[in-house]
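Step one of this worksheet: look at the structure below.
The values are calculated or read from the model by the stated rules, or taken from the named source; none is laboratory data. This is a predicted model, so every value here is computed, not measured. With ideal geometry, Cβ positions are generated from the backbone for all residues, glycine too; neighbour counts draw on all protein chains shown. What goes into the accessible areas is simple: the full protein's heavy atoms, side chains included, and nothing from ligands, DNA or RNA. Shrake-Rupley method; radii C 1.70, N 1.55, O 1.52, S 1.80 Å.
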Amino acid sequence: MNAGRPGRANGQRVRVLLADDQMLVRAGFRSILADEEDIEVVGEAGNGAEAVALAEELRPDVVLMDIRMPEMDGLAATEKIVGNERLSEVRVVILTTFDVDDYVYGALRAGASGFLVKDTEPMELLHAIRVCARGDALIAPTITRRLIAEFAGRVKQPAPSPRLNALTEREREVMVLVGAGLTNDEIARRLVLSPATAKTHVSRIMTKLAVRDRAQLVILAYETGMITPGWMS
């Protein structure tokens, strides 16, 4: 039983943990989130170790995680949270000061469901929290696609992956489009499917490949050579 998320099915608020070593930054995010009826800040952490401990204690829906923190950075904290089976429903959104950051690709590989730059507009922040709380990943914005492509391009020549043998031809088509950052609606239009059918394909692909969300599916699409960075630009 996941004691930290009993109310999600009953329409309760999205529970958010803030992790940043700067108190003023945390206060700014808390102020933005305080006005939203469907979002609740349940805790604050000043470093990665605290973030991991509070995630285990509070079982938030979403952790807003800064990358550069003392004692344990955001990447290490993300890996610990994502790797903890008891926290399988906790989603991590990485916060970075830079729009182009060597940490971003590593953060997504570590299991983050998305990332935001710290000067993101409040509406984009709220959207990211809600999207990730649903179990999806924040990969639609152009900047996210560009960064994933840029850092995926640094990966060594991919080797064939037997994991992909489980996919049908249609599922491979869908995975390629997910890797390009398309939403379910965009995939449906591209392949002349209903949005519900596109969503079903994506869910089946994630199940077959044992990935936790769309962000991980994007990384896998690049690392297995299904698509090459920038092919849709």
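A search for C-beta distances below 6 Å between a residue of the stretch 20-43 that is more than 23 Å from T78 (Cβ to Cβ) and any residue that is open to solvent by 70 Å² or more (accessible area, probe 1.4 Å), counting only pairs 6+ apart in sequence or on different chains, returns D38/R13. Looking across the stretch 210-228 at every residue that is open to solvent by less than 30 Å² (accessible area, probe 1.4 Å) and part of a helix (DSSP H, G or I), the one that is nearest to K199 (Cα to Cα) is identified as R214. In the stretch 95-113, which residue that is open to solvent by 30 Å² or more (accessible area, probe 1.4 Å) and not in a helix (DSSP H, G or I) is modelled with the highest pLDDT? My answer is T97. Output the residues belonging to the stretch 161-182 that are surrounded by fewer than 19 Cβ atoms within 10 Å (Cβ to Cβ) and not in a helix (DSSP H, G or I). Selection gives S161, L167, T168.
Could you list, in sequence order, the residues of the stretch 183-207 that are closer than 16 Å to L217 by Cβ and open to solvent by 40 Å² or more (accessible area, probe 1.4 Å)? Across the stretch 183-207, the qualifying residues are T183, E186, K199, T200, S203, R204, T207.
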